[in-house]
Amino acid sequence: MQGFPLKAGRALEIQGHGLPASMDYVLRNVISIAYRVLKTMNASGKKKDGRIMTSNAGILEMFKRAHRTGGTMVEVFKSLSLFIIGASIIWSATHFYVHLIHRGYATLQDLLLLFVYPEIGAMTGIYFKTGKLPVRFLIYVAVTAIARYLVVDVDHLKAMSVLTMSIAVIVLMGALWVGDHIRSSED
């Protein structure tokens with residue numbers, strides 16, 4: 001894809017996008033118009049010579065409004081998804097705990113599973129507050145899940161599978177160690 005043209009009347013070259021010829025024509029013209037409008041406008045929405053923009057300004061405003069609406073829709077979807085994930089974690093953990101109470105005892109497998117729920121909940125909460133997914137919590141969940149699998153199914157696993165999963169835990173813990181050292185060196 002080439003950059004914006006030097007001449008305002010020329011459209012952008014768009015290659016390899018796979019759109020039909022009619023869409024290609026529309027896309028080229030829309031981008032060309034938007035580029036020309038942006039090039040001739042200053043921050044007040046007026047042309048450089050002081051005249052108020054009319055039709056092209058309307059198109060640019062439509063682009064800006066569509067961009068804001070799209071961003072808002074993404075944020076609403078993200079927040080709604082996080083609430084659903086959080087509610088599912090609480091529901092699942094509560095259901096599992098009620099099952100343990102009815103059974104009257106908890107096995108090591110059950111206790112290890114109980115460690116997974118708070119980690120996933122904390123990860124979801126941190127993502128909701130900061131907008132960043134903490135990889136550290138994903139690694140904790142993975143290590144706990146592998147440990148749970150090893151404890152529960154160690155009798156049914158081949159030696160090579162146990163060795164592979166043990167190496168996976170060591171690699172994951174090494175990743176945490178490296179992450180801590182990189183973060184501490186940046187501070």
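The values are calculated or read from the model by the stated rules, or taken from the named source; none is laboratory data. On a predicted model such as this, the values are computed, not experimentally measured, just so you know. As a convention, Cβ positions derive from the backbone with ideal geometry for all residues, glycine included, and neighbour counts pool all protein chains shown.
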>> I'd like the full set of residues that are assigned to a loop (DSSP other than H, G, I, E, B) and at pLDDT below 85, limited to the range 150-169.
In response: Val154, Asp155, His156, Leu157
>> For the structure I just gave you, tell me whether Phe115 is surrounded by 11 or more Cβ atoms within 10 Å (Cβ to Cβ), assigned to a helix (DSSP H, G or I) and touching a residue at least 24 places away in the same chain (Cβ under 8 Å).
In response: yes
